[in-house]
Amino acid sequence: MKVNIEIDCTPLEARQFFGLPDVAPMQTAVMDKLQQQMTQNIEKISPEALMQNWLDPKLAERFQDMFVAMAGLGGSQKRDRK
């Protein structure tokens, strides 16, 4: 025996029928906050901001220090063997 039941209702009506909460206000709040964060971060990736970060005079020095530290050449650790 095979029984098919079709229910024609909207998602909101289904949530109300099963007693689930309406999440639309929470989704709206989350999307508003996400939009606000995205608009704030867009300023960080503007061409002017990217050029300032890439052409920072101290950047080359930082890379050099990083590579020296990674190679183990930058420490002043001397081991005396007695």
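We did not get these values from a lab; they are worked out from the coordinates using the rules stated. Just so we're clear, the structure is a prediction, and the values are computed from it rather than from any experiment. With ideal geometry, Cβ positions are generated from the backbone for all residues, glycine too; neighbour counts draw on all protein chains shown.
Annotations
- With respect to the chain, whose longest principal axis is taken over its alpha-carbon atoms, helix 24-42 is tilted by about 30°.
- Student exercise, the stretch 11-70 dipole from Lys, Arg, Asp, Glu Cβ charges, in Debye to nearest 20: 100 debye
- The 3J(HN,Hα) values that the Karplus relation (6.51, -1.76, 1.60; θ = phi - 60°) gives for the stretch 12-21 are, in residue order, 5, 5, 5, 4, 5, 4, 7, x, 7, x Hz. Gly and Pro appear as x.
- Helical mean residue ellipticity (222 nm; -39500 (n - 2.57) per DSSP H run of 4+; nearest 500) of the chain: -19000 deg cm²/dmol
- Given charges at Cβ of Lys, Arg, Asp, Glu: the chain dipole, positive-most of 30, 42, 9: 42
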